[in-house]
Amino acid sequence: MPYTPTVRARRVARELRNLRLGAGLTGDQVVTELGWDTAKLSRMETGKMRITSGEVMELLEVYGITGEKRTELVQLAREARQKGWWHSYYDVLKKGFNDYLAFEAEALTCRTYETVLIPGILQTADYAHAVLKGTQPRKPAEIERGVELRVARQGRITTSDQPLHVWAVIDEAALHRLVAGADVMKAQLGHLAELSKLGNVSLQVLPYRAGVHAAIDGPFVLLTFDGYPDVLYMEHLMGCVYMEKPAETRQGKLVFDHLVASALNTSDSARLIGQVASGLF
């Protein structure tokens, strides 16, 4: 299984690189001091390999880092080596999606816009089953594991000690698309209504009358963190795209702000969701 760094691991890598530069040391100087090869340090600083707490302590010794900063980074390195809960589902993940789960697991907020489907993290088991079954060929066991994974993600919203704050803008088309029939769709819309009552979930519907809008090109997710840059995420047919440059994530936030302004407010959105659900038979 390819190594997927968690946000903590990425933070450690970024901090170590910044500390080396702050100490005025080149990579060659550091590896010569420690007896390492250049490739090892490069892979550490780019988050392409697991870093042990012992290796972190060796580097901090060279950089002259002591006290609270040293303790913080060593502890962060220990936590970063823990496997994510989604690790056992790797065989049923879309290419590149394991990175997204690593990000989502440690994000503070999730701003998401969806066009034709309910966002994955808000789906019921039956709805998710229909989506997974209908989008590409999968064995029944793979579908069931995929459903388990998707439902488990909701734990960050409903049961976590540090709940994920979700702000979702959903195109009105997603409310009317009959996924697996009226009963499943009605239950899904009812589930949305219940989730919207949580203090960490905000749902807005982008109505048909909004016409052409800032995200007409398609769905996206913007994740924010504590101590790590924002991440802009988009999916396509063959995989996933991640953008972390400040200019890119600022553009994502700007587009999302435009969507929020064009969408119904949360109260009117809840009313529309209820009306659509009531119209199903």
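The values are calculated or read from the model by the stated rules, or taken from the named source; none is laboratory data. Quantities reported herein were computed from a predicted structural model and do not represent experimental measurements. We place every Cβ from the backbone using ideal geometry, glycine too, and count neighbours over all the protein chains shown.
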Find all pairs meeting these conditions: Cβ atoms under 7 angstrom apart; at least six residues apart or on different chains; first residue within the stretch 100-115 and assigned by TED's automatic domain parsing to the domain that holds residue 175; second residue among the hydroxyl-bearing types (Ser, Thr, Tyr) and modelled with pLDDT of 90 or more.
100/233; 107/224; 108/224; 109/224
List every residue pair whose Cβ atoms lie under 8 Å apart, where the two residues are 6 or more positions apart in sequence or sit on different chains, the first residue falls within the stretch 130-157 and is in the same structural domain as residue 191 (by TED's automatic domain parsing), and the second residue, located anywhere, is modelled with pLDDT of 90 or more and among the basic types (Lys, Arg).
132/150; 143/133
Being within 15 Å of residue 92 (Cα to Cα) and of a type in the set (Asp, Glu) is true for just one of 172, 142. Which residue is that?
142
Collect the residues in the stretch 99-118 that are farther than 22 Å from residue 159 by Cβ and at pLDDT below 90, keeping them in residue-number order.
99
Number of the exception - residue 221 against (1) of a type outside the set (Phe, Trp, Tyr); (2) surrounded by 14 or more Cβ atoms within 10 Å (Cβ to Cβ); (3) in a helix (DSSP H, G or I):
(3)
Lone qualifier among 228, 242 - being over 17 Å from residue 166 (Cα atoms), in a loop (DSSP other than H, G, I, E, B), within 19 Å of the chain's Cα centre (by Cα) and assigned by TED's automatic domain parsing to the domain that holds residue 165:
228
Hey, does the stretch 42-56 have a residue that's modelled with pLDDT of 85 or more, acidic (Asp, Glu) and either surrounded by fewer than 15 Cβ atoms within 10 Å (Cβ to Cβ) or not in a helix (DSSP H, G or I) (or both)?
no
Top-ranked residue in the stretch 58-70 [being surrounded by 15 or more Cβ atoms within 10 Å (Cβ to Cβ) and farther than 15 Å from residue 27 by Cα; ranked as nearest to the chain's Cα centre (by Cα)]
70
Failed condition for residue 211, given (1) buried (at least 16 other Cβ atoms within 10 Å of the Cβ); (2) without any contact (Cβ under 8 Å) to a residue 60 or more places away in the chain; (3) of a type outside the set (A, V, I, L, M, F, W, C); (4) out of contact with any strand residue (DSSP E or B) (no Cβ under 9 Å at 6 or more places or on another chain), with all others met?
(1)
Those residues of the stretch 37-70 which are closer than 14 Å to residue 10 by Cα, touching a residue at least 40 places away in the same chain (Cβ under 8 Å) and of a type in the set (A, V, I, L, M), in sequence order
49, 51, 56
Qualifying position, being assigned to a loop (DSSP other than H, G, I, E, B) and of a type in the set (A, V, I, L, M), among 216, 273:
216
Unmet criterion (only one of (1) closer than 29 Å to residue 12 by Cα; (2) buried (at least 20 other Cβ atoms within 10 Å of the Cβ)) for residue 130
(1)
Selection count where residues are under 25 Å from residue 238 (Cβ atoms), modelled with pLDDT of 95 or more and in a helix (DSSP H, G or I), scope the stretch 136-193:
2
